[in-house]
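The values are calculated or read from the model by the stated rules, or taken from the named source; none is laboratory data. Here the structure is a predicted model, which is why all the values come from computation and not from measurement. Cβ placement follows ideal geometry from the backbone for every residue including glycine, while neighbour counts extend to all protein chains displayed. Remember, those area values only see protein heavy atoms, side chains included, never the ligands or the DNA or RNA. Shrake-Rupley method; radii C 1.70, N 1.55, O 1.52, S 1.80 Å.
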Amino acid sequence: MTASELTQTERVLRNHQEWIFEDYEKAKDKHSSAYLKLAGYLRLLLVDGRLPVLLRYAKEKGKTLYAYVSDFDLRRLEGQAFWGWSGFVISWTPEKDAKRITIEDFLSRAIGLYSDEKGLARTYTPKQLIKYTANKEGVAHLNLKKPRALEQMKRMIIADERGRSDSQEIRHAIKAIAGWTHNAIGYVLDDAS
């Protein structure tokens, strides 16, 4: 990146860090649609293009972004009739029973699973969750005919060793990823002043 591109990217990252903070607080209200705005920010920062903005900037600065995630592999539930999300999606700091992986690995890792009684399974990744939410729900694009996979994701519940929830958890996953992203932006910008 040129010096001008670095400056522009830093401005974009600072703006998004502020917006994530504001909308994360609003998204705590289960009736708020602020999680949709968070998905739009995450799309730009973590998913879009060959190398998204945050990942490109971190690479330019020589910083590897790590995440702490559950050590439980949802794919172990294949063969059971099940829809679910892991209750522990992602953390910036170490958590009990968590493992550390790169953010690129996290974005391609299963955090949602559908498995029927025949053992046929389909997993959902953070990258898919972010793209579907931003691209189909009116944040970046609007698709009036929603893909079946998005409708299925919206009906998922949290299910892990702590039990099951009874609410739509797409919001929970988007908020968790947004919280991690807020911290990651601060980390990559810490020497850019």
For this session: Describe numerically, in nm with one decimal, the distance between label points set 7 Å from Cα along Cα→Cβ at residue 6 and at residue 66.
Result: 2.5 nm
For this session: Any chance you could look up the accessible area of residue 12 with a 1.4 Å probe, heavy atoms only, rounded to 10 Å²?
Result: 40 Å²
Seminar exercise, completed: The answer for the net charge of residues other than residue 140 whose Cβ lies under 11 angstrom from its Cβ, with Lys and Arg +1 and Asp and Glu -1, is +2
Exercise. Considering only protein heavy atoms, what is the solvent-accessible area of residue 14 at a probe of 1.4 Å, reported in Å² to the nearest 10?
Worked result: 100 Å²
Problem set entry | Percent accessible area from carbon and sulfur atoms, the stretch 5-51, protein chains only, probe 1.4 Å | 50 percent
Exercise. How large is ³J(HN,Hα), in whole Hz, for each residue of the stretch 11-26 in order, when computed from phi with the Karplus curve 6.51 cos²θ - 1.76 cosθ + 1.60 and θ = phi - 60°, using x for Gly and Pro?
Worked result: 4, 4, 5, 5, 4, 5, 4, 5, 5, 4, 4, 5, 6, 4, 4, 5
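Of the listed pairs 37/131; 37/136; 28/127; 37/127, which have alpha-carbon separations greater than 19 Å here?
28/127
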Exercise. What net charge is computed for the residues neighbouring residue 57, neighbours being all others with C-beta under 9 Å from the C-beta of residue 57, Lys and Arg scored +1, Asp and Glu -1?
Worked result: +2
Exercise. From the backbone phi of the stretch 124-133, what are the Karplus-calculated ³J(HN,Hα) couplings (6.51 cos²θ - 1.76 cosθ + 1.60, θ = phi - 60°) in whole Hz, Gly and Pro given as x?
Worked result: 10, 9, x, 4, 5, 4, 5, 4, 4, 5
Exercise. Looking at the stretch 19-74, what % of the alpha carbon pairs are farther apart than 12 Å?
Worked result: 72 percent
Seminar exercise, completed: Residues other than residue 6 with Cβ under 13 Å of its Cβ, Lys/Arg counted +1 and Asp/Glu -1, net out at +1
Exercise. Can you give the accessible area of residue 25 in Å² (nearest 10), computed on protein heavy atoms with a 1.4 Å probe?
Worked result: 80 Å²
For this session: Quote to one decimal, in nm, the extra length available between residue 101 and residue 59 on full extension: 0.36 nm per residue of separation minus the C-alpha distance between them.
Result: 13.5 nm
